[in-house]
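Have a look at the structure below, then the notes.
The values are calculated or read from the model by the stated rules, or taken from the named source; none is laboratory data. Here the structure is a predicted model, which means the values were calculated and not measured. Note that each Cβ is placed from the backbone with ideal geometry, even for glycine, and that neighbours are counted across all protein chains shown. These accessible areas exclude ligands, DNA and RNA; they are computed on the full protein's heavy atoms, side chains included. Shrake-Rupley method; radii C 1.70, N 1.55, O 1.52, S 1.80 Å.
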Amino acid sequence: MPDWPYPRIVAHRGGGALAPENTLAAIETGARLGLRMIEFDAKLSADDVPFLLHDDTVDRTSNGRGAAARKTYTELAALDAGSWFDTRFRDERMPTLVQVHERCVALGLAANIEIKPCPGREVVTGRLVAQEAARLWQGVEPPPLLSSFSFDALAAARDEQPELPRGLLFGAVPPDWRAQTDALGCVSLHVDHRKLDAGLVAGIKAAGLHLLAYTVNDPARALMLAHWGVDAVCTDRIDLIGADFLA
Ligand code: G3P
Ligand code: MG
C-alpha cells in the first residue's frame, strides 16, 4: 500500500474549535496554527453553487433561517456566518468552493472535501462538487480527498472524476464496509474514533485502505489511534493536537 500522501493532522471544519466552522476565517486560523490540511463540508445552493455549510439549514451557523437547498448562493452570501460564534467574525460568509480553493492554495493547505448533500440532492452534489474540485485543483499535489457519508454522492463523484481520491465516511463501521469501499474505489475509510478498536483498525489496514479517525480532541486518544495504525486524525483541538503531533 502506498504511504498516506496527506498530513496526519486535519483541522475539522477548517479551524476546529477556534473559529466559526466552514468559513475562510476558520481556514486562516488552521493555517496560522501551522496545520497543513483541513476538512470542510461542501453542498449545493438552490442554483447549484458548491459552498461550505455543515447542516441542512442555515439556522445554527448564520443569522438566517431555513433550508440551504432553497436559497440561491446570492441569498446565502448575504448571511452573517460568523457572529453566532463571536461578533468579531461578523463579516464571515459561507464561502464558495472557488474561494476556499484559492485560500487553500495560497496557504499551502491540503483539502479534505466532505461532500455533505442536502437531502435528496446526493447525486447532483457528488457530481458537481467533484467536477468543480477537479477543475480548481488541477495539477495541485496532493489532490483534494473527497469524502462522504453518502454512498450515492461518492458514486456520482467517482463517475464524474474517477481520478480524484475518495474516502467513505462512517459512524460505526457496517459489516459490508469492504464491499462498499471496493464498489466506490475508495483509498480510505473515515470513521468515528469512538467506534474504532485495535482489531478493527488492523482489519481495515490489512484490506489496503488508509484510515482517518474523526473527531479526535484528546491528545492521548490521538496517540493511541496512531499506535493502532490510524493514518490521520481530524480534530477540533488544533491548539492541542498540532500539525506535527504524530510526526
Ligand atoms: O469528515 C469528518 C467529519 O467532519 C464528519 O462529521 O458531522 O463533522 O461532518 P461531521
Ligand atoms: Mg465534516
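General remarks:
- Residue under evaluation Pro50, criteria (1) in contact with a helix residue (DSSP H, G or I) (Cβ under 7 Å, 6 or more places away or on another chain); (2) away from ligand 2 (no atom under 16 Å from the Cβ), criterion not met: (2)
- Residue satisfying all of: in the stretch 168-209; assigned to a helix (DSSP H, G or I) and of a type in the set (D, E, K, R); surrounded by the most Cβ atoms within 10 Å (Cβ to Cβ) among these: Lys205
- Residues (under 18 Å from Val49 (Cβ atoms) and buried (at least 16 other Cβ atoms within 10 Å of the Cβ)) located in the stretch 105-123: Ala111, Ile113, Glu114, Ile115, Lys116, Pro117, Cys118, Arg121, Glu122, Val123
- Lone unmet requirement of (1) closer than 26 Å to Arg121 by Cα; (2) open to solvent by 30 Å² or more (accessible area, probe 1.4 Å); (3) not charged (D, E, K, R) for Gly14: (2)
- If you filter the stretch 17-38 down to residues that are open to solvent by 10 Å² or more (accessible area, probe 1.4 Å) and within 15 Å of ligand 2 (Cβ to nearest atom), you find that the one that is farthest from Pro119 (Cα to Cα) is Ala17.
- Residues of the stretch 141-167 satisfying the condition of being closer than 19 Å to Leu128 by Cα, touching a strand residue (DSSP E or B) at 6+ places or on another chain (Cβ under 6 Å) and not in a helix (DSSP H, G or I): Pro144, Leu145, Leu146, Ser147, Ser148, Phe149, Leu164, Pro165, Arg166, Gly167
Condition check ((1) open to solvent by less than 70 Å² (accessible area, probe 1.4 Å); (2) among the aromatic types (Phe, Trp, Tyr); (3) in a loop (DSSP other than H, G, I, E, B); (4) within 16 Å of ligand 1 (Cβ to nearest atom)) across all residues:
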site	(1), (2), (3), (4)
Asn63	no, no, yes, no
Ala69	yes, no, no, no
Asp91	no, no, yes, no
Met94	yes, no, yes, yes
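- Condition check for Trp4: within 25 Å of Leu189 (Cβ to Cβ) and open to solvent by 30 Å² or more (accessible area, probe 1.4 Å): yes
- The one condition in (1) assigned to a helix (DSSP H, G or I); (2) closer than 16 Å to Asp236 by Cα that Glu39 fails to fulfil: (1)
- Among the residues making up the stretch 106-116, a single one is part of a loop (DSSP other than H, G, I, E, B), more than 12 Å from ligand 1 (Cβ to nearest atom) and on the phi < 0 side of the Ramachandran plot: Leu109.
- Boolean, Asp159 is surrounded by fewer than 22 Cβ atoms within 10 Å (Cβ to Cβ), at pLDDT 95 or above and farther than 17 Å from Gly14 by Cα: yes
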